[in-house]
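Data first, discussion second: the structure below is written as structure tokens.
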Amino acid sequence: MIEFPQELDLRLSRNPVIGSVFGVDAAPGFLSSGCQVCILAHVALHELEGLLHSLTAAGKFTFVNIDACSGLGQDRGAVEYLKKIGTEGLVSTKTALIQRANTMEMVTMQKVFVTDRSNLPRSTGAVEQSKPHLVQVMPWPVIAHLSPAELSSLTPFVAAGFIRTGGDVARALREGAKAVSTSAAELWDLAGRDSVETSTN
């Protein structure tokens, strides 16, 4: 891993929920929430720049899931385009794209799917090679079944997948997550770890 950006760390300490914004129709709800950080996905290329500028103007920190936006190629040119239009963060499963974004001083989040122990070494190996700022671990219930050493190799991590309630958020944070990501808009306004714990009592 490389040094974690202080500004993003502060934002996530205020609100440890990252909004997963699927498509332009979900953006107004995110913009009106107290959530500070989002991941954009399923946004067409011709809509991406305008939406990104609206989010930035509203003071939001935005990751773009390069794997899930139509019109973006899966190569260095796509990363360079995202940087050019002002993208602060990039999400991908692909090691080469994470490495390229790192060299361009973007904040990177590598998505890994841990479906069983047989693919865990491949995931940890990819993370070790690409050195992202964050690892998005899916699905989050698997975290409880990883050893401390295994979890350490995927840290700092964002818990994702099946985050549905404030209790899920609180549990993921207790298990060591720096943040959670979810499309459940009712969770976007949770503010601070103490507030998350209080909301579940």
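The table that follows gives values for the structure above.
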quantity	calculated
Boolean, SER33 is assigned to a loop (DSSP other than H, G, I, E, B), of a type in the set (S, T, N, Q) and in contact (Cβ under 8 Å) with a residue 60 or more places away in the chain	yes
Test: SER54 is crowded, with 19+ Cβ neighbours inside 10 Å and either under 18 Å from MET138 (Cβ atoms) or in contact (Cβ under 8 Å) with a residue 24 or more places away in the chain (or both)	no
Pairs with Cβ under 8 Å, 6+ apart, first in region 6-22 and closer than 22 Å to ILE66 by Cα and touching a residue at least 24 places away in the same chain (Cβ under 8 Å), second among the small types (Gly, Ala, Ser) and open to solvent by 10 Å² or more (accessible area, probe 1.4 Å)	GLY19/SER33; GLY19/SER183; GLY19/ALA185; SER20/SER183; VAL21/SER183; PHE22/SER183
Pair list, Cβ < 9 Å and 6+ apart or interchain, from region 106-124 residues that are over 19 Å from ALA177 (Cα atoms) to residues that are part of a helix (DSSP H, G or I) and of a type outside the set (Phe, Trp, Tyr)	MET106/VAL79; MET106/LEU82; MET106/LYS83; MET106/ARG100; ASP116/VAL142; ARG117/HIS145; ARG117/GLU150
Residue selected from region 97-146 under the condition of a type in the set (Lys, Arg), surrounded by fewer than 18 Cβ atoms within 10 Å (Cβ to Cβ) and farther than 24 Å from PRO16 by Cβ, by the criterion nearest to the chain's Cα centre (by Cα)	ARG122
Test: residue in region 81-90 that is modelled with pLDDT under 95 and among the aliphatic types (A, V, I, L, M)	no
Residues being over 18 Å from LEU72 (Cβ atoms) and touching a strand residue (DSSP E or B) at 6+ places or on another chain (Cβ under 6 Å) - total across region 18-28	2
Test: residue in region 57-64 that is surrounded by fewer than 16 Cβ atoms within 10 Å (Cβ to Cβ) and of a type in the set (D, E, K, R)	no
Subset tally (residues that are out of contact with any Phe, Trp or Tyr (no Cβ under 9 Å at 6 or more places or on another chain), open to solvent by less than 10 Å² (accessible area, probe 1.4 Å) and among the hydrophobic types (A, V, I, L, M, F, W, C)) for region 13-47	1
Every residue from region 97-117 that is modelled with pLDDT under 95 and assigned to a helix (DSSP H, G or I)	ARG117
Which listed residue is touching a strand residue (DSSP E or B) at 6+ places or on another chain (Cβ under 7 Å) and of a type outside the set (S, T, N, Q), from LEU45, LEU52, LEU31, LEU72	LEU52
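So that you can scan it fast, the table gives a plain yes or no per residue for (1) out of contact with any Ser or Thr (no Cβ under 9 Å at 6 or more places or on another chain); (2) closer than 18 Å to PHE61 by Cβ:
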{"residue": "ILE85", "(1), (2)": "yes, yes"}
{"residue": "LEU90", "(1), (2)": "no, yes"}
{"residue": "THR93", "(1), (2)": "yes, no"}
{"residue": "ASN102", "(1), (2)": "no, yes"}
{"residue": "THR108", "(1), (2)": "no, yes"}
{"residue": "PRO121", "(1), (2)": "yes, no"}
{"residue": "LEU134", "(1), (2)": "no, yes"}
{"residue": "PRO156", "(1), (2)": "yes, yes"}
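The values are calculated or read from the model by the stated rules, or taken from the named source; none is laboratory data. Here the structure is a predicted model, which is why all the values come from computation and not from measurement. Please note: Cβ atoms are built from the backbone with ideal geometry, for glycine as well, and neighbour counts cover all protein chains shown. The area values use the complete protein model at the heavy-atom level, side chains included, leaving out ligands, DNA and RNA. Shrake-Rupley method; radii C 1.70, N 1.55, O 1.52, S 1.80 Å.
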